[in-house]
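Following: one structure in structure tokens, then a few remarks.
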Amino acid sequence: MSAQTRIAELCDLIRHHDRCYYTLAAPEITDLQYDRLMTELKGLEAAHPELATLDSPTRRVGDELVGDLQQVNHRIPMLSIENTYSLEELQSFLVRVQKQLAAEIGDDPVEWVLELKIDGVAAALVYEQGILTRAVTRGNGQTGDDITHNIRTIPDVPLRLVGNPPKLLEVRGEVYMTNHDLALLNLSRSAAGAEPFANTRNVTAGTVRLLDPKLAAQRRLRFFCHGVGYCEGMHASNYIDFLAELQSYGLPVTPHVHRFHSATEVIERIDALHAQLHELDFEVDGLVLKVNQFHLRDKLGSTSKSPRWVVAYKIEKYEAVTRLNDIRVQVGKTGTITPVAELEPVQLAGTTVARASLHNAEEIERKDVRIGDWVVVEKAGKIIPHVVRVELHRRETELPAYIFPTQCPECQDDLKKDEGGVYIRCTNAACPAKLRQQLRYFAGRSAMDIDGLGEKIVDQLVNAGLVQKFSDLYHLKTEQLLALESFGERKAEKLLDGIAASKQRGLARVLTAVSIRHVGARVAQLLAQNFPTIEALQAASIEGLAAVDEIGDVIAESVQGFLHSEHGQQIIDGLRSVGVLLESLPSERDSTSEHAPVGVLAGKSIVVTGTLVRYKRDEIQSLILKHGGRASSSISKSTDYLVAGERAGSKLEKAQQMGIAVLSEDQFEQLISQSS
């Protein structure tokens, strides 16, 4: 075999294995086998330098220093993104875009894509005839620095594209570093006597501008594509298809992209997506919302600073470094065993933080968290503080790895990991820790709303053996309560009155309250609308449950599994025996059924916005349901009333523009007082 043929063969093999390892996360050979291929290629190219090509995998090692960074003009400006910091501002942006596109799409909703706002450094990569020829920073948007020599060292950036790429392709994206790689980098720097880096973005920004690519290669930068620049021959007409097309060329694309068919869907899901950011090993400082269709983006155009078709919903993040004193686990209402970091108290965002979430056993192992470590703790938005990474370079001695418990800390039953999941649970239905959490949730405002049954009283009742299941609450007597510490007659009477009143909350509240996995207030409401009695719900098949809009197979299996399990049947029978209402309230029933809602708000859609004086948000929504209405989260053509408090914001403006009736709290009370 000639040297030329073997070099070409080795280049193809190494590119294939690079893609398997870095892009697909599915390596096919060992590191040693890979190193042998690379060593052979280097040797052949050294012996035959005339056969070495610009896209050879050996170009990643960065042997050649460059002089000062050269300035390069962008063929299409790299503009910045407009930022928002509240859901009100975000909703205002969505309304504005819908209005601007009205002439193009009429009343059809804009299709949106939501993706992560990765906290890194923006760069544009240019491929000509499938070969990486240039990489440039954003710079001032018009002109950036040529950083091709450093981008070539990033393992997940292909030097040659696969498939049938366009003649000219400019992709834009984010250069970033994982928290794990930063921890390892700081460990090696500390050992060498160098100052550790503060965060992933700072080290990334400095690394892409280094003149020595060999040093850049040592820092394990990565890249995600999330945008398109100047191209000749792209096939995709929307963003979702664009990402799929890039993947077919071997490019790494931004992960966790969600498509939504309306602005309402975006608003309803955005908090849930925020809560999942802790699962990532790279830094994210918000979410980016984009119009999916490219021709609509062209219609919207840009200002001198930002495109009109994209917005960033940013979250303010605060970090601090402190010592991890201990890890303890707590048992949730569905038996989930959640590890909690006990920290040396530290100031974070104006509050003292002494505890942070570690989420699950896999996260502890992935981050190599050990008791005694110095850790970086982050608080972002409304999300509880969590541990971002370990400062490995500050690990003074060899600390033992944390061993996750195999038995419940409360009842000592064996723990079981979810099949195909990450959570470990106590499956003992009689676990006292689960019971306490379940009772607290059962009594909560969104569930049975039992006045007077707080956390301390739940603990007293369980510890005294007075309550071992939900139905036991309804058998409590005054004399039993008076025997407990700090209970007087008035306090006992208040609690018993609250328990008695909860019997009439209706089926949706009961389904919310009894801790069925995957069933919260929204799902419970949908079930109560479609199955107005517990008997109808028990008789429903998995297929029948899954057919309900927003339910699906996973929730359907969970609901039926609970209702037909011995434990679930005991709960339902117990509640039935004490007179708890197991039928839908009129306000819970589907307006299309024979059990149509009654009341002055029957069939009406009501949105609440702003700061209310008399009600908490869940209280006024319960009143809306009680009087036959439907509580909605966003303004639309089907909205009948907007109840506006102080600082109502964009929803009030939109309602006025659409001619929707706006009610003050006084006017709302006058309206519902008309119900008989």
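Here are a few things to note about the model shown:
- Potential extension, residue 662-residue 184 segment - 0.36 nm per residue separation minus Cα distance: 166.4 nm
- Taking every protein chain into account, the 1.4 Å probe leaves residue 491 with about 80 Å² of accessible area, to the nearest ten.
- When you count the other C-beta atoms within 10 angstrom of each residue and take the mean per peptide, 369-376, 169-176, 143-150, 188-195 line up highest first as 169-176, 143-150, 369-376, 188-195.
- The residues of the range 82-239 expose, per residue, 40 Å² of accessible area to a 1.4 Å probe.
- Potential lengthening between residue 75 and residue 541 on full extension [0.36 nm per residue; Cα-Cα distance subtracted]: 161.9 nm
- Based on alpha-carbon atoms, the Kirkwood radius and the radius of gyration of the chain give Rg/Rh equal to 1.02.
- Degrees separating the helix 179-191 axis from the principal Cα axis of the chain, which is the longest one: 60
- Treating r as the C-beta distance of residue 670 and residue 493 and R0 as 35 Å, the FRET efficiency rounds to 0.60.
- Distance-filtered residues of the range 281-307 - backbone nitrogen under 12 Å, label point 7 angstrom along residue 236 Cα→Cβ: 292-294
- Rolling a 1.4 Å probe over the protein heavy atoms of the chain, with every protein chain left in place, gives an accessible area that is 49 percent carbon and sulfur.
- With 26 Å as the limit on Cα-Cα distance, the pairs of 317/637; 214/379; 379/416; 416/503; 333/503 that go past it are 317/637; 214/379; 379/416; 416/503.
- Using R0 = 45 Å, the C-beta based FRET efficiency linking residue 406 and residue 271 works out to 0.85.
- Spacing of the two label points (7 Å from each Cα toward its C-beta) at residue 417 and residue 476, in nm: 4.0
- Those Cys residues of the chain for which no other cysteine Cβ falls under 4.7 Å: 11, 20, 225, 231
- Each of the peptides 112-120, 348-356 was scored by the mean count of other Cβ atoms within 10 Å over its residues; in descending order, highest first, they stand as 112-120, 348-356.
- Inter-probe distance in nm under a simple model that places probes 7 Å from Cα toward Cβ, at residue 6 and residue 533: 8.3
- Distance from the range 138-186 to the range 375-454 (C-alpha centre basis), Å: 39
- The range 456-524-the range 268-300 distance, computed between alpha-carbon centres (Å): 41
- Spin-label model distance (nm) - residue 140 vs residue 328, 7 Å beyond Cα toward Cβ: 5.8
- Summarised as an ellipsoid, the range 458-561 has semi-axes of 35, 13, 10 Å, derived from the eigenvalues of the Cα gyration tensor scaled by 5 and square-rooted, with the largest first.
- For residue 131 and residue 303, a Förster radius of 25 Å and the Cβ-Cβ distance give a FRET efficiency of 0.10, rounded to the nearest 0.05.
- The angle separating the long axis of helix 617-626 from the principal Cα axis of greatest extent in the chain is about 50 degrees.
- Computed over the chain: relative contact order in percent, which uses C-alpha pairs under 8 Å that are six or more apart: 10
- Each of the peptides 657-667, 99-109 was scored by the mean count of other Cβ atoms within 10 Å over its residues; in descending order, highest first, they stand as 657-667, 99-109.
- Whole-number percent relative contact order across the range 402-501, with pairs defined as alpha carbons under 8 Å at least 6 apart: 19
- Using alpha-carbon coordinates, inclination of helix 3-18 to the longest axis of the chain, degrees: 20
- One chain, two ends: residue 427 and residue 399. Fully extended at 0.36 nm per residue, the span grows by 6.9 nm beyond their Cα-Cα distance.
The values are calculated or read from the model by the stated rules, or taken from the named source; none is laboratory data. As the structure is a prediction and not an experimental result, all values here were calculated from the model. Here Cβ is always computed from backbone atoms with ideal geometry, including for glycine, and neighbour counts include all displayed protein chains. SASA here: full protein model, heavy atoms, side chains in, ligands and nucleic acids out. Shrake-Rupley method; radii C 1.70, N 1.55, O 1.52, S 1.80 Å.
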